[in-house]
Amino acid sequence: MTFELVHFLIKSIFAETNLMYKLLLRPLLFLFDPEKVHYFTFSLIRITASIPGFSALYRRLYLVNNKKLERQVFGLTFKNPVGLAAGFDKNAVLYNELANFGFGFIEIGTVTPKGQVGNPKKRLFRLKKDQGIINRMGFNNEGLEAVIHQLKKNKGQLIIGGNIGKNTQTRPEDYTRDYLTCFEALHPYVDYFVLNVSCPNVDSHAKLNDKDYLEALIKAVQKANHTFIKQKPILLKIAPDLNDHQLDEIVALVQDTKLDGVIASNTSVNREKLKTSSARLKEIGNGGLSGQPIKDKSTRVIKYLAEKSNKSFPIIGVGGIHSKKDALEKLQAGADLIQIYTGFIYEGPKLIKSINKELIGS
């Protein structure tokens, strides 16, 4: 069989697979509860990846290897700039299999010191008309020990980020202790850290939005970082709903503490200009909004941070990336890397390849 024929067959399978996802698999999955579908999808990916030849097939279909895609950011070399945002693989159980879909990096977590069930169900909702998701998961995860157990299985295929937070029941005076516990325990197993201080789905987060406390937290984590022979980059994840004054404070904070970078942005609490009815939104209740509805808000934050700081620190752009055009907008606004989450759910794994192919001009 000639190379041209093999190449044609792979492209055909790739096209048919994506068409099957959008026309058949996605509509079927979207009939069921989003959280149950999430775990079903996890099982499906894990099972198929364990079948001989399937992981290789996934890599053939979705992986793009090209030196043009490499990015040097906060001292790390990324194979490509397209990552998977935190929240998808909370407990680091699927990152080796997800690597087959072409991601340049995967962020696990949010991880808290102790496992916790999170908020009561139902807590995950699709906004199909808006191509968005509302969640109020509440940092549900199995805790540090379980995550470390999984990270010891790392095959080293791509960069792993560790998104860390505090337990819901932790008292305000012990918040820093929770972050330090996660940081010190995960340090040998992840390539960079994210301080998640902007999640709208966890109660008693007010202190984490205080600039003075944030500065103290960052300095405490940096001090712990310097106890290790090799330091790991530390980033801050911020909300898309910040006003210009608050963003100015973020720029000053990052520059004053010499933080390694910012992730812009987390989910939004804003519900303006949605196609979903107000009655449905009232029925869903509170939670963080992600996907297409926050695309422009996230891009605005990225652009503001990049211009205001004169690009003095790296930015990972996330929020509403559902196409290669959306990805380019984030990068042109000033993002050094990007992450997808909701777009991965709505568009399927083809999204990663289409972005990477666009970036190399083919």
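No lab work stands behind these numbers, since they all come straight from the coordinates. Everything numeric here is computed off the predicted structure, so don't read it as measured data. Glycine gets a Cβ as well: all are built from the backbone with ideal geometry, and neighbour counts include every protein chain shown.
Please express the Cα-Cα pair-distance distribution P(r) of the chain as a list of whole percents, one per 20 Å bin, running from 0 to the bin with the greatest distance.
Using 20 Å bins, I get a P(r) of 30, 61, 9, 0 for the chain.
Could you run the Debye sum over the Cα atoms of the stretch 296-336, one equal point scatterer each and no solvent, and tell me log10 of I(q)/I(0) at q = 0.28, 0.34 Å⁻¹, two decimals?
-0.89, -1.21
Between S50 and E35, what is 0.36 nm times their sequence separation minus the Cα-Cα distance? Round to one decimal in nm. Write down the numbers at each step before the final one.
Details: separation 15, 0.36 × 15 = 5.40 nm, distance 2.31 nm.
Taking S50 through E35 to full extension adds about 3.1 nm, to one decimal.
Taking only DSSP H segments of four or more residues, each worth -39500 (n - 2.57), what value at 222 nm results for the chain once the sum is divided by all its residues, to the nearest 500 deg cm²/dmol?
Working: 14 runs with 148 residues, N = 362.
When only DSSP H runs of four or more count, the value is -12000 deg cm²/dmol.
Largest first and to the nearest Å, give the Cα extent of the stretch 253-293 along each principal axis.
Each principal axis gives a Cα extent; for the stretch 253-293 these are 45, 18, 12 Å.
Looking at the chain as a GNM with Cα springs under 10 Å, which of S268, S309, S43 has the largest mean-square fluctuation?
S43
Relative contact order, percent, of the chain when contacts are C-alpha pairs under 8 Å separated by at least 6 residues? Display every interim value, and only then the final one.
On the way: 658 pairs, mean separation 60.5, N = 362.
With pairs under 8 Å counted, the relative contact order is 17 percent.
Go ahead and set up a Gaussian network model of the chain, Cα springs under 10 Å, then flag whichever of L253, L337, L28 fluctuates most.
Between L253, L337, L28, it is L28 that shows the largest mean-square fluctuation.
Add +1 for every Lys or Arg and -1 for every Asp or Glu among the other residues with Cβ under 14 Å from the Cβ of F42, and state the total. Don't jump to the answer; show the numbers that get you there.
Values: positive: K36, R46, K90; negative: E35, D89, E97, E142.
That works out to -1.
Would you mind telling me which residue in S312, S277, S298 has the biggest mean-square fluctuation in a Gaussian network model of the chain, where springs connect alpha carbons within a distance under 10 angstrom?
Top of the fluctuation ranking is S277.
Not counting the cut sites, what is the longest span of the chain without trypsin sites (Lys or Arg not before Pro) that DSSP labels loop and that have at most 10 other Cβ atoms within 10 Å? Walk me through the intermediate numbers first.
Numbers: sites that count: K152, K153, K155, K230, K273.
Excluding the exposed sites themselves, the longest stretch runs over 1-151.
Suppose each label sits 7 Å from its Cα in the direction of the beta carbon; what would the K308-Y189 distance come out to in nanometres?
Distance between the two pseudo-spin positions: 3.6 nm.
Let me see the pair-distance distribution of the stretch 157-266: every alpha carbon pair, 10 Å bin width, integer percents in order.
Bin by bin from 0 Å, the calculated values are 13, 50, 32, 4, 0.
Can you flag which of K114/K282; K79/K324; K90/K230; K230/K308; K90/K237; K297/K353 are past 21 Å Cα-Cα?
Result: K114/K282; K90/K230; K230/K308; K297/K353 exceed 21 Å.
How much net charge surrounds E142 when only other residues with a Cβ under 15 Å from its Cβ are counted (Lys, Arg +1; Asp, Glu -1)?
Local net charge: +2.
Using the eigenvalues of the Cα gyration tensor, what equivalent ellipsoid semi-axes result for the stretch 48-149 when each is taken as the square root of five times the eigenvalue, whole Å, largest first?
Numbers: eigenvalues 149, 64, 55 Å².
Each semi-axis is √(5λ); the values are 27, 18, 17 Å.
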